[in-house]
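Take a look at the structure below.
The values are calculated or read from the model by the stated rules, or taken from the named source; none is laboratory data. Owing to the predicted nature of the structure, the values given are computational and were not obtained by experimental measurement. Every residue, glycine among them, receives a Cβ derived from its backbone with ideal geometry; neighbour counts consider all protein chains shown. Accessible surface is based on the protein model in full, side chains and every heavy atom, while ligands, DNA and RNA are left aside. Shrake-Rupley method; radii C 1.70, N 1.55, O 1.52, S 1.80 Å.
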Amino acid sequence: MKPLVSVIIPNYNYAQYLCEAVDSVLAQTYRHIEIIVVDDGSKDESRETIESYGEKIKSIFQKNQGVSAARNNGVAKSKGEYVAFLDADDAWLPAKIEMEMEMFAADPEIGMVHVSIVEMGDAGNRLLERMDGMAGWISEEFLRFERPVVLGGGSGILVRRNAFDEVGGFDTRLSTSADWDFFYQVSSRFKVGFVPEILLKYRIHGSNMHGNIKVMEHDMMLGYEKAFANGAKANRRQCYGNLHKVLAGSYFRSGQYTDFARHALISILMTPLNLGHFVSFPIRRFRKNDARK
């Protein structure tokens, strides 16, 4: 018999998307799957939607604890040798799990696999295809913070249960960067696989958690602190310099110029080569704005 895959769907007030998510799991070509929906204290019609599936899915209803706790609680109640996560506002294409499982079968060193994605607008319109994920021993790439590494957030991955257990699941202290931290922790211990085919519809809308820059700053600083405390071998100053460069850019785009200046200065002090990036920053922004006209 094929290994059991447990699919954990955390949900908070996403009743309008939830059926599409669950149906996309039920439509998988890999059939040996259990589905566990963890409702994190929703106040909309989510309970009715979940209960309408009857015995096709398992359900957990809990007080609001955040997506990391919801995922961890779902895994604790699951039985699969492999675990996948699907946010309630995303959806899979039918071959997603099957193609990830083929990659696990081909390389026993792999602890986690992710896939290419298509970003979708709130109305279901296609925005952007992303096929630039990375594979191999890639933990330092997370710390360099220079390019996409794992695509699609939690919705894009399939992970061995022993890898999930070894890193202790998702850090419940984190929100916007819980995925980044989990991916880094797994990749620092296991090889990562990548399927270069679009197998995830990843929804982009106003309520996505990564829009809160202050929270992202807090979470990423904690994630880096954990990584280097646990012996990360990447160049510490360069990695922190790049992190502050990204934070500076995020604050600039949101019009928070004091925070932009603070992080830009730290980035330059950490990595002096970043000075050129910030000197040319206004010019690049002007060109982008001019191109939009």
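Quick test of your reading of the structure: Ala232 fulfils all but one of (1) farther than 14 Å from Phe142 by Cβ; (2) small (Gly, Ala, Ser); (3) open to solvent by less than 30 Å² (accessible area, probe 1.4 Å); (4) outside any helix (DSSP H, G or I). Name the failing condition by number.
Result: Ala232 fails condition (1) only.
Across the range 119-137, what is the total count of residues that are open to solvent by 90 Å² or more (accessible area, probe 1.4 Å) and touching a Leu at 6+ places or on another chain (Cβ under 9 Å)?
1
Of these, Gly80, Gly133, Gly111, which one is assigned to a loop (DSSP other than H, G, I, E, B) and closer than 16 Å to Val150 by Cβ?
Sole residue among the options that is assigned to a loop (DSSP other than H, G, I, E, B) and closer than 16 Å to Val150 by Cβ: Gly133.
Identify, from the list Val75, Val83, Val7, Val38, the residue that is within 26 Å of Leu174 (Cβ to Cβ) and either open to solvent by 10 Å² or more (accessible area, probe 1.4 Å) or more than 17 Å from the chain's Cα centre (by Cα) (or both).
Result: Val38 is the single residue among Val75, Val83, Val7, Val38 that is within 26 Å of Leu174 (Cβ to Cβ) and either open to solvent by 10 Å² or more (accessible area, probe 1.4 Å) or more than 17 Å from the chain's Cα centre (by Cα) (or both).
Just for the range 10-22: of the residues that are farther than 21 Å from Lys63 by Cα and in contact (Cβ under 8 Å) with a residue 40 or more places away in the chain, which one is least open to solvent (accessible area, probe 1.4 Å)?
Filtering the range 10-22 for residues that are farther than 21 Å from Lys63 by Cα and in contact (Cβ under 8 Å) with a residue 40 or more places away in the chain, the one least open to solvent (accessible area, probe 1.4 Å) comes out as Ala21.
Residues in the range 115-137: is at least one closer than 22 Å to Asp219 by Cα, touching a residue at least 60 places away in the same chain (Cβ under 8 Å) and in contact with a helix residue (DSSP H, G or I) (Cβ under 9 Å, 6 or more places away or on another chain)?
no
Could you check how many residues of the range 138-169 are within 12 Å of the chain's Cα centre (by Cα) and surrounded by fewer than 16 Cβ atoms within 10 Å (Cβ to Cβ)?
Total satisfying the criteria: 1.
Tell me which residues, restricted to the range 170-192, are in contact with a Phe, Trp or Tyr (Cβ under 7 Å, 6 or more places away or on another chain), within 16 Å of Ser155 (Cβ to Cβ), open to solvent by less than 20 Å² (accessible area, probe 1.4 Å) and not in a loop (DSSP other than H, G, I, E, B).
Selection gives Ala178, Phe182, Phe183.
Testing Glu55 on (1) in contact (Cβ under 8 Å) with a residue 12 or more places away in the chain; (2) open to solvent by 70 Å² or more (accessible area, probe 1.4 Å), one condition comes back false. Which one is that?
If we test Glu55 against (1) in contact (Cβ under 8 Å) with a residue 12 or more places away in the chain; (2) open to solvent by 70 Å² or more (accessible area, probe 1.4 Å), just (1) comes out false.
With respect to Gly211, determine if the residue is under 27 Å from Phe252 (Cα atoms), out of contact with any strand residue (DSSP E or B) (no Cβ under 7 Å at 6 or more places or on another chain), modelled with pLDDT of 95 or more and of a type in the set (Gly, Ala, Ser).
For Gly211, the condition - under 27 Å from Phe252 (Cα atoms), out of contact with any strand residue (DSSP E or B) (no Cβ under 7 Å at 6 or more places or on another chain), modelled with pLDDT of 95 or more and of a type in the set (Gly, Ala, Ser) - is not met.
Rundown of residues vs (1) at pLDDT below 95; (2) over 23 Å from Lys191 (Cα atoms); (3) of a type in the set (Gly, Ala, Ser), yes/no style:
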{"position": "Gly74", "(1), (2), (3)": "no, yes, yes"}
{"position": "Ser78", "(1), (2), (3)": "no, yes, yes"}
{"position": "Tyr82", "(1), (2), (3)": "no, no, no"}
{"position": "Asp87", "(1), (2), (3)": "no, yes, no"}
{"position": "Leu93", "(1), (2), (3)": "no, yes, no"}
{"position": "Gly111", "(1), (2), (3)": "no, no, yes"}
{"position": "Gly121", "(1), (2), (3)": "yes, yes, yes"}
{"position": "Gly136", "(1), (2), (3)": "no, no, yes"}
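Just to be sure before I move on: is Ile283 assigned to a helix (DSSP H, G or I) and at pLDDT below 90 in the structure I sent?
Here the answer is yes, as Ile283 does meet what is asked.
Okay, residues lined up against (1) basic (Lys, Arg); (2) open to solvent by 50 Å² or more (accessible area, probe 1.4 Å); (3) closer than 21 Å to Gly223 by Cβ; (4) touching a helix residue (DSSP H, G or I) at 6+ places or on another chain (Cβ under 9 Å):
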{"position": "Arg236", "(1), (2), (3), (4)": "yes, yes, yes, yes"}
{"position": "Leu247", "(1), (2), (3), (4)": "no, no, yes, yes"}
{"position": "Ser250", "(1), (2), (3), (4)": "no, no, yes, yes"}
{"position": "Arg253", "(1), (2), (3), (4)": "yes, yes, no, yes"}
{"position": "Thr258", "(1), (2), (3), (4)": "no, yes, no, yes"}
{"position": "Leu265", "(1), (2), (3), (4)": "no, yes, no, yes"}
{"position": "Gly276", "(1), (2), (3), (4)": "no, no, no, no"}
{"position": "Ser280", "(1), (2), (3), (4)": "no, no, no, no"}
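Output the number of the condition that Ser46 fails; it satisfies all remaining conditions of (1) over 19 Å from Lys77 (Cβ atoms); (2) of a type in the set (Ser, Thr, Tyr); (3) open to solvent by less than 50 Å² (accessible area, probe 1.4 Å).
For Ser46, the failing item is (1).
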